[in-house]
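Here's the structure we're looking at; comments come further down.
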Amino acid sequence: MRDLVRTQLQMLLEAGDLQGAKAILVPVQPADIAEAIEGLPEAMHALAFRLLSKDEAIEVYEYLDYSVQERLIEELKSQEVRDIVDQMSPDDRARLFDELPAKVVNRLLEQLSPAERQATAQLLGYEADTAGRIMTLELISLKENFTVSQALERIRNLANASEMIYYLYVMDTARRLTGIVSLRELVTSQPEQIIGEIMTRDVIFVHTDTDQEEVARLIQRYDFLAVPVVDREQRLVGIVTVDDVIDILQQETTEDIYALGGGVQSGGDNYFQMNLLEIARKRVVWLLVLLVTNTITGTIIKSQEDLLAKVVTLTAFIPLLTGTGGNVGAQSSTVVIRGMNTDEIRSLGALQVIGREAIAGLLLGGMLGTIATIWAYFLQGRLEVAIAVGVSLVAISLLASISGSALPFLFRYLRLDPALMSAPFITTAVDVLGVLIYFNLARVILKL
């Protein structure tokens, strides 16, 4: 559907048929229109966007990628931009402003209505990647002494100005959060009942400085549609909704996958829309680390020339050992980092996790070492060499499992990103130490 809309839209725009292009967008959902516009050549973005009605343009704009949003701000007229940005929800507007240059943000802030300017400035005042930064201020609050009938009337009056009406938050005179009541509970209660009688007082909430990943896990764990955000005085200041959480989880997962792939960072941008020179600059750092690692490994191999001169067949198995060790280490780091992100290992201590992975490494090494010993003997016909390869593989698998599981904990303790830092360091440790283990075991077994 999205590809069909994009293809037809591009054909009509190229033909200059603006009315036809406008007509095919009428039955399409805003999210699909946004993807169709993103798939067009850059020169057509503003033209396609101008085909939308004002209300539709505001809705579509919030679904667009930040790079496209920024480009439209530069190309659209000042009044068009003001109308769109002013009607955005405060949390979406704050996320957009995070991506824009400071000069553009200041200009847009000046053009906002006083109420929207204040709401946006409040969100931008919180630290990035916290609940305060991603929350929305558009919610419906109640008092304990309201009747159900009064509460429903308040919902009718404020529904259009609120992002979430399924949860209603109860506050005292000092705006402190005292309870929560769902829309289901309201509509199934008697009209004369008091909110204080039907509300839930044991409320799960987060603070403005709570990390956004923790907020996302909380909503995911309890299947919430939203979670209230309070300040240090327990005053209700906003809510984080599930649609924002989905975006956060996708963003964090994407960053971790890119990092595990070798230190690639997209910084929240669409990787495939980034400048190639910028991509190369970010990726080359860790590739240089691996280049230096290979140089060290080569130096170690060169230092063992006397051993290799006597048993040249040992050289043939170096790639097998280092490659297997790297794969085992990558597996361990992946499961540990994933466990950190999903809190699956919260109940386990670091030593327990490392111990489990060490045992797994021994089991893997035992199985792989047995196969490698048989294969090495079949290829070279020397039992001592085959044993050296098999025993080395066991030791390297154990080392790789311990390194792969321990380094994420170490980097998290040092307040570094485990996903970003682990991959190159695991490769370094396994390559250098693996080759040392192999040559020393070979000397012992071959008695050289």
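The values are calculated or read from the model by the stated rules, or taken from the named source; none is laboratory data. Owing to the predicted nature of the structure, the values given are computational and were not obtained by experimental measurement. A quick note on method: Cβ atoms are made from the backbone with ideal geometry, for glycine too, and the neighbour counts reach across all protein chains shown. The area values use the complete protein model at the heavy-atom level, side chains included, leaving out ligands, DNA and RNA. Shrake-Rupley method; radii C 1.70, N 1.55, O 1.52, S 1.80 Å.
Hey, could you check region 395-406 for residues that are crowded, with 24+ Cβ neighbours inside 10 Å and out of contact with any Asp or Glu (no Cβ under 9 Å at 6 or more places or on another chain) and say which is farthest from A350 (Cα to Cα)?
I396
One line per residue, one yes/no per condition, for (1) touching a Leu at 6+ places or on another chain (Cβ under 8 Å); (2) modelled with pLDDT of 95 or more; (3) open to solvent by less than 30 Å² (accessible area, probe 1.4 Å); (4) more than 18 Å from R201 (Cβ to Cβ):
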site: E138; (1), (2), (3), (4): no, no, no, yes
site: S141; (1), (2), (3), (4): yes, no, yes, no
site: N157; (1), (2), (3), (4): no, no, no, yes
site: N160; (1), (2), (3), (4): no, no, no, yes
site: E163; (1), (2), (3), (4): yes, no, no, yes
site: V170; (1), (2), (3), (4): yes, yes, yes, no
site: I180; (1), (2), (3), (4): yes, yes, no, no
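Listed residues E75, E35; which is open to solvent by 20 Å² or more (accessible area, probe 1.4 Å), under 26 Å from P114 (Cα atoms) and touching a helix residue (DSSP H, G or I) at 6+ places or on another chain (Cβ under 8 Å)? Please lay out each step first, then the result.
Working: E35 fails: under 26 Å from P114 (Cα atoms).
Of E75, E35, the one residue that is open to solvent by 20 Å² or more (accessible area, probe 1.4 Å), under 26 Å from P114 (Cα atoms) and touching a helix residue (DSSP H, G or I) at 6+ places or on another chain (Cβ under 8 Å) is E75.
Mind checking which residues of region 166-189 are assigned to a loop (DSSP other than H, G, I, E, B) and either charged (D, E, K, R) or within 23 Å of V242 (Cα to Cα) (or both)?
Y166, D172, R175, listed by residue number.
Within region 46-66, does at least one residue satisfy the condition of being within 22 Å of P90 (Cα to Cα), among the acidic types (D, E) and in a loop (DSSP other than H, G, I, E, B)?
Yes, region 46-66 has at least one match.
Please determine, by comparing only the residues of region 124-142 that are free of Cβ contacts under 8 Å to residues at least 40 places away in the same chain and not β-branched (V, I, T), which one is nearest to L96 (Cα to Cα).
Checked region 124-142; the qualifying residue nearest to L96 (Cα to Cα) is L124.
Just checking, which of A400, A429, A372 is among the small types (G, A, S), assigned to a helix (DSSP H, G or I), closer than 21 Å to V292 by Cβ and touching a Gly at 6+ places or on another chain (Cβ under 7 Å)?
A400 is the lone residue from the list that is among the small types (G, A, S), assigned to a helix (DSSP H, G or I), closer than 21 Å to V292 by Cβ and touching a Gly at 6+ places or on another chain (Cβ under 7 Å).
For R107, are the conditions met, namely being at pLDDT 85 or above and either within 20 Å of L137 (Cβ to Cβ) or outside any loop (DSSP other than H, G, I, E, B) (or both)?
no
Filtering region 233-266 down to residues that are at pLDDT 90 or above and either outside any strand (DSSP E or B) or open to solvent by less than 10 Å² (accessible area, probe 1.4 Å) (or both), which residue is nearest to Q122 (Cα to Cα)? First the steps, then the outcome.
Of all residues in region 233-266, those at pLDDT 90 or above come to 233-242.
Subset that is either outside any strand (DSSP E or B) or open to solvent by less than 10 Å² (accessible area, probe 1.4 Å) (or both): 233-234, 236, 238-242.
Numbers: E233: 17, Q234: 17, L236: 14, G238: 11, I239: 14, V240: 15, T241: 18, V242: 21 Å.
Ranking the candidates gives G238 first.
Please determine, by comparing only the residues of region 317-358 that are within 14 Å of L399 (Cβ to Cβ) and open to solvent by 50 Å² or more (accessible area, probe 1.4 Å), which one is farthest from the chain's Cα centre (by Cα).
N327
Checking L348 against (1) in a helix (DSSP H, G or I); (2) closer than 23 Å to P408 by Cβ; (3) at pLDDT below 85, which single condition isn't satisfied?
It is condition (1) that L348 fails.
Just one of E192, E153, E138, E163 is more than 29 Å from I248 (Cα to Cα) and in a loop (DSSP other than H, G, I, E, B); which is it?
So the residue among E192, E153, E138, E163 that is more than 29 Å from I248 (Cα to Cα) and in a loop (DSSP other than H, G, I, E, B) is E192.
Out of G390, G361, G381, I need the residue that is farther than 18 Å from V444 by Cβ and either touching a His at 6+ places or on another chain (Cβ under 8 Å) or open to solvent by less than 40 Å² (accessible area, probe 1.4 Å) (or both). Which one?
G361
Within region 46-56, identify whether any single residue is open to solvent by less than 40 Å² (accessible area, probe 1.4 Å) and either of a type in the set (S, T, N, Q) or under 24 Å from the mean Cα position of the chain (by Cα) (or both), and answer yes or no.
Checked against the condition, which is being open to solvent by less than 40 Å² (accessible area, probe 1.4 Å) and either of a type in the set (S, T, N, Q) or under 24 Å from the mean Cα position of the chain (by Cα) (or both), region 46-56 yields no hits at all.
Can you name the residue in region 403-416 that is without any contact (Cβ under 8 Å) to a residue 40 or more places away in the chain and part of a helix (DSSP H, G or I) and, of all such residues, is nearest to the chain's Cα centre (by Cα)?
F411
Any residue at all in region 417-425 that's open to solvent by 80 Å² or more (accessible area, probe 1.4 Å), assigned to a helix (DSSP H, G or I) and modelled with pLDDT under 90?
Checked region 417-425: at least one residue is open to solvent by 80 Å² or more (accessible area, probe 1.4 Å), assigned to a helix (DSSP H, G or I) and modelled with pLDDT under 90.
Residues in region 1-20 that are open to solvent by less than 50 Å² (accessible area, probe 1.4 Å) and within 24 Å of Y66 (Cα to Cα): how many?
Residues flagged as open to solvent by less than 50 Å² (accessible area, probe 1.4 Å) and within 24 Å of Y66 (Cα to Cα) within region 1-20 amount to 4.
Does D83 satisfy the criteria of being of a type in the set (D, E), closer than 25 Å to D247 by Cα and open to solvent by 70 Å² or more (accessible area, probe 1.4 Å)?
In short, no.
So how many residues does region 195-206 have that are in contact with a helix residue (DSSP H, G or I) (Cβ under 7 Å, 6 or more places away or on another chain) and not in a loop (DSSP other than H, G, I, E, B)? Explain how you work it out, then say what you get.
To start, the set of residues in region 195-206 that are in contact with a helix residue (DSSP H, G or I) (Cβ under 7 Å, 6 or more places away or on another chain) comprises 195, 198, 204, 206.
Checking which are not in a loop (DSSP other than H, G, I, E, B) leaves us with 195, 198, 206.
Selection size over region 195-206: 3.
Could you tell me whether any residue of region 434-442 is of a type in the set (S, T, N, Q) and either over 19 Å from V385 (Cβ atoms) or modelled with pLDDT under 80 (or both)? Talk me through it step by step, then tell me what you get.
Pass one, region 434-442, residues of a type in the set (S, T, N, Q): 440.
Next, only the ones that are either over 19 Å from V385 (Cβ atoms) or modelled with pLDDT under 80 (or both) stay: none.
No: region 434-442 contains no residue that is of a type in the set (S, T, N, Q) and either over 19 Å from V385 (Cβ atoms) or modelled with pLDDT under 80 (or both).
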